[in-house]
Amino acid sequence: MPVTTTATPLTLRNVRGEYFLALNQQLGASWSRMIASVFPTDQPQEQYPWLGASPNLRKWEGERTVRELRSDTITIVNDDYETGVEFRLPDLRRDKTGQMVARVRDMATRVAMFPERLLTDLLLANGNAYDGVAFFADTHAVGSSGTIDNNMGTGDGMAGGATPTTAQMSANILLAITRLMGFRDDQGEPLNEAARQFALMAPPNLWGPSVAAIQSDFTSASASNPLAELRSQGVQVVPMVNARLTATNTFYIFRTDAGIRPFLVQEEGVMPVELGPDSERAAMTNRAYFGHGWRGGVGYGRFELAVRAATS
């Protein structure tokens, strides 16, 4: 005798619960939290004063030394973003296959990953950093830092173009990390000497060679992989793929264990909006609405914690 199953009616309460479950899961998977410092905001815009490096220790002779810190300010303006979906009330009651829940979970994924889109736009635009120079440039200089060149290319030994071998990619990554480790602060002191955690961002075509270069003990040239030695010293490089990157021969290295990150994300939070079966809208259209919004902005942080590398 056939068994008849009755689907549990789908309510907006169920939809809301699935939405926030997916949102929390996806926030933990977003690379935006790795390369950007995240701050709450409740104003039309926020200002971030960059204070220079703390003074270095010196032999105590006479009175204590008192030094003023450098101060540069970044201002980030908040913008509003929104989207939503409609459900026919009969469909909401009869949904047996979870299609509506799937759509709502996809909405949560998109808003969780939305800062990635904004940060990628910053990478590609390469606007000015806090010193008034393009974020990736050959000519940064802050106080007594000397020249900070975080824009590597052909003349810096990068090789392999859009199809590097494991050996070439390993050498490229090591060169980029070495460059970053050599940067000095505004007092002329090594700025990244304590760095042990890095993220590598690559377009899809460079992601495979990057993963192989980071994880293999030997390169494609059957030689010992120098990145394996870095692993043994506690240095971690996390490979990330970014399908929005347009240059097929360019990757990025970011330091991810500093007190501040290379980029800034400020957000007021995700704001869901519901017009349920009992709303005036539903009475007039026989449809319920579930939408959400995101309010915030992104900006450039510390260029000294990032390197762009173009292979040739």
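The values are calculated or read from the model by the stated rules, or taken from the named source; none is laboratory data. For clarity, every value in this text was computed on a predicted model and none was experimentally measured. Cβ sites come from the backbone with ideal geometry, for glycine too, and all protein chains shown count toward neighbours. For the accessible areas, the whole protein counts, side chains as well, though only heavy atoms, and no ligand, DNA or RNA atoms are used. Shrake-Rupley method; radii C 1.70, N 1.55, O 1.52, S 1.80 Å.
Taking each residue of segment 122-133 that is open to solvent by 50 Å² or more (accessible area, probe 1.4 Å) and looking for partners that are among the β-branched types (V, I, T) and assigned to a loop (DSSP other than H, G, I, E, B) with beta-carbon atoms closer than 8 Å, six or more apart or interchain, yields L124/T246. Taking every residue in segment 249-266 that is closer than 24 Å to P190 by Cβ and among the acidic types (D, E) and pairing it with any residue that is open to solvent by 10 Å² or more (accessible area, probe 1.4 Å) and in a strand (DSSP E or B), at least 6 positions away or on another chain, the pairs with Cβ-Cβ distances below 6 Å are D257/Q197. Look at F136 and say whether it is in a loop (DSSP other than H, G, I, E, B) and in contact (Cβ under 8 Å) with a residue 60 or more places away in the chain. So F136 fits the description; yes.
For the condition closer than 17 Å to P239 by Cβ and touching a residue at least 12 places away in the same chain (Cβ under 8 Å), R196 qualifies. Taking segment 28-49 as the range and being over 15 Å from E268 (Cα atoms) and either aromatic (F, W, Y) or modelled with pLDDT of 90 or more (or both) as the test, the residues that pass are W31, S32, R33, M34, I35, A36, Y48.
For L180, the conditions (1) more than 21 Å from the chain's Cα centre (by Cα); (2) closer than 23 Å to G259 by Cα; (3) open to solvent by less than 20 Å² (accessible area, probe 1.4 Å) all hold with the exception of (1).
With the condition kept exactly as written, say whether any residue in segment 229-242 is more than 30 Å from P164 (Cβ to Cβ) and open to solvent by 70 Å² or more (accessible area, probe 1.4 Å). Within segment 229-242 (the criterion being more than 30 Å from P164 (Cβ to Cβ) and open to solvent by 70 Å² or more (accessible area, probe 1.4 Å)), the answer is no, since none of the residues qualifies. Every residue in segment 9-27 that is modelled with pLDDT under 85, open to solvent by 40 Å² or more (accessible area, probe 1.4 Å) and closer than 15 Å to A108 by Cβ, please. Answer for segment 9-27, where residues must be modelled with pLDDT under 85, open to solvent by 40 Å² or more (accessible area, probe 1.4 Å) and closer than 15 Å to A108 by Cβ: N14, R16, G17, E18, F20, N24, Q25, Q26, L27. For segment 209-228, give me each residue that is closer than 25 Å to A247 by Cα and open to solvent by 40 Å² or more (accessible area, probe 1.4 Å). Q215, S220, listed by residue number.
Going by the structure shown, is T248 open to solvent by 50 Å² or more (accessible area, probe 1.4 Å) and assigned to a loop (DSSP other than H, G, I, E, B)? So T248 fits the description; yes.
All told, T285 meets the bar of being open to solvent by 20 Å² or more (accessible area, probe 1.4 Å) and of a type in the set (S, T, N, Q). Scanning segment 50-72 for residues that are in a loop (DSSP other than H, G, I, E, B) and either under 16 Å from P262 (Cα atoms) or modelled with pLDDT of 85 or more (or both) gives G52, A53. Selection over segment 259-282 of residues that are open to solvent by less than 20 Å² (accessible area, probe 1.4 Å), of a type in the set (A, V, I, L, M, F, W, C) and not in a strand (DSSP E or B) gives a count of 1.
Checking the stated criteria, T75 turns out to be modelled with pLDDT of 75 or more, open to solvent by 60 Å² or more (accessible area, probe 1.4 Å) and in contact with a strand residue (DSSP E or B) (Cβ under 8 Å, 6 or more places away or on another chain). A single member of F114, F183 is over 30 Å from R13 (Cβ atoms) and of a type in the set (F, W, Y), and it is F183.
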